Amino acid sequence: MSVRVRLAPSPTGNLHIGTARTGVFNWLFARHQGGQFVLRIEDTDQERSRSEYTENILEGLRWLGLTWDEGPFFQSQRGDLYQQAIQTLLDREWAYYCYCSEAELEQLRTSQKAQGQAPRYDNRHRHLTPAQQQAYRAEGREPVVRFKIDDARVITWLDGVRGEVTWKGQDLGGDMVIARASDRGVGQPLYNLAVVVDDIAMGITHVIRGEDHIANTAKQILLYEALGATVPEFIHTPLILNAAGQKLSKRDGVTSIWDFRDLGYTAAALVNYMTLLGWSPPDGQEIFTLDQAAANFSFSRVNRAGAKFDWDKLDWLNSQYLHQLPIPELTAALVPFWQGAGYPLGPETDQTWLEALTALIGPSLVRLKDAVGLAKTFFETGVTLDEAAQQQLRQPGTRAVLQAVLQDLDSLDINNIPGFIQAITETQHVKKGLVMRGLRAALLGAMHGPDLAQAWLLLHAKGEDRSRLTQALAVSA
Ligand code: GLU
């Protein structure tokens, strides 16, 4: 039987890192098995679902390279299927109408709490007579549909990551609501029902999802059985944790894939890192493409324990990717960051100059966003002198050096900056270090930074060297 897996995001927010990582595992498994990867948008919650989130999720998956083979399918367009399944369950007496009001349920929870019990529905409407049902309807009560959960049942499955997992029916909270009240009769289906109906209809063989769905799996297995369908394999992947060992959340400052893009991580590095969040390749090689990972992928190498999010590791991976990018590609990736910082970049901006700038700062990049700070001085008019640069300019002899540089600037052969510096050293009878440091302070306003000759070349192309040297003279001694 050919493998069919699915990713089933709810469009209630932008593409989340946890969903994307579940997508990675589904994709890798499907590709490794030569199977199909289905995308299903779970938009049954009409109040919270939005089409812009759907767009965001699709765009994010494409950006990461997580291509799907079928879909996207939308649960909101599959209502008839769910209605049929609910009706089947009602007909087979696996499900029934429950007329409890919210106030009654609240009262039940309060009394359970007072007795130190976990809140659960006590199945009180499981055996209503037709007359009782009639009476509730006459009161105007809108029923929900509940699915019977046998307290005595023990549900066991062999999880692809966690091994044998067992749940007791009595721990599932009593008969579960599978459809809300609706004037159409059977009502709006809820998550567990819709997922099972879809997974059956779509022929899903392996349900791969986050570990936070384990309790749902126990309930869903009961639904498969009641609907007379084959139960698929279940594989629960470990959660992504923050440094404190809690589930990574909004409080950690990043949730959506776009947060990572905006910080300057490339899609290739991020998807590589997400794969390592839980999985380790058999060959120990940590830098790989999705295709390479797919060739080696199996759930036997996925950890059960939560995967700690390690920023240093992600940074390291990202820098590896950035450092091997061809300069034109890296330049194209940096341009949006420079534009975002408001640097003067237009269609007329000289591409050769931009690429030279990229080549200069590229080796120092860890995240693309680092290029904002590193390139700032090259986009600016005039220089901001930091404390150390000002001190350097006040060193005795520096002024004479800068004056000589300015005087000879017209004769500068930009391809032979070392020769020019050497000549100044000789005519001024000073140490080369003084010339170098004076120039660095004047041109870049800081004593640490990129290669001086390359930086000068970039500034010279914009005529910035002359004005900065003149500006520095005012401070120098
Ligand atoms: N819509 C669910 C979620 O986003 C899908 C869970 C599942 O894969 O069944 O968490």
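Observations, loosely collected:
- The residue list Y273, Y265 contains one member that is buried (at least 18 other Cβ atoms within 10 Å of the Cβ) and part of a helix (DSSP H, G or I), which is Y273.
- Here I361 qualifies as out of contact with any Asp or Glu (no Cβ under 6 Å at 6 or more places or on another chain) and at pLDDT 95 or above.
- Residues of the range 345-368 classified as open to solvent by 50 Å² or more (accessible area, probe 1.4 Å) and without any contact (Cβ under 8 Å) to a residue 12 or more places away in the chain, total: 3
- The criterion of at least 2 residues that are surrounded by fewer than 18 Cβ atoms within 10 Å (Cβ to Cβ) is met, among strands (runs of 3 or more DSSP E) falling completely within the range 113-176, by 154-159, 163-168.
- Filtered residues of the range 30-77 (kept if open to solvent by less than 20 Å² (accessible area, probe 1.4 Å), within 20 Å of the chain's Cα centre (by Cα) and of a type outside the set (D, E)): F37, V38, L39, R40, I41, T54, I57, L58, G60, L61, L64, L66
- For the range 330-354, a tally of residues being part of a loop (DSSP other than H, G, I, E, B) and touching a Leu at 6+ places or on another chain (Cβ under 9 Å) returns 1.
- Top-ranked residue in the range 180-234 [being assigned to a strand (DSSP E or B) and at pLDDT 95 or above; ranked as most open to solvent (accessible area, probe 1.4 Å)]: E233
- Filtered by the rule that a residue be in contact with a strand residue (DSSP E or B) (Cβ under 7 Å, 6 or more places away or on another chain), of a type in the set (A, V, I, L, M, F, W, C) and farther than 14 Å from L190 by Cα, the range 66-87 gives W68, F73, F74.
- Search result, residues across the range 274-289 that are among the charged types (D, E, K, R) and closer than 23 Å to V254 by Cβ: E286
- Verdict on A243 being over 30 Å from D150 (Cβ atoms), open to solvent by 20 Å² or more (accessible area, probe 1.4 Å) and not in a helix (DSSP H, G or I): yes
- Within the range 15-74, the set of residues being among the aromatic types (F, W, Y) and touching a helix residue (DSSP H, G or I) at 6+ places or on another chain (Cβ under 9 Å) comprises F25, W27, F29, F37, W63, W68, F73, F74.
The values are calculated or read from the model by the stated rules, or taken from the named source; none is laboratory data. Predicted model, so just to flag it, every value in this text is computed and none were measured. Reconstructed Cβ throughout: ideal geometry from the backbone, glycine too, with neighbour counts over all protein chains shown. Heavy atoms of the whole protein, side chains included, go into the accessibility calculation; ligands, DNA and RNA do not. Shrake-Rupley method; radii C 1.70, N 1.55, O 1.52, S 1.80 Å.
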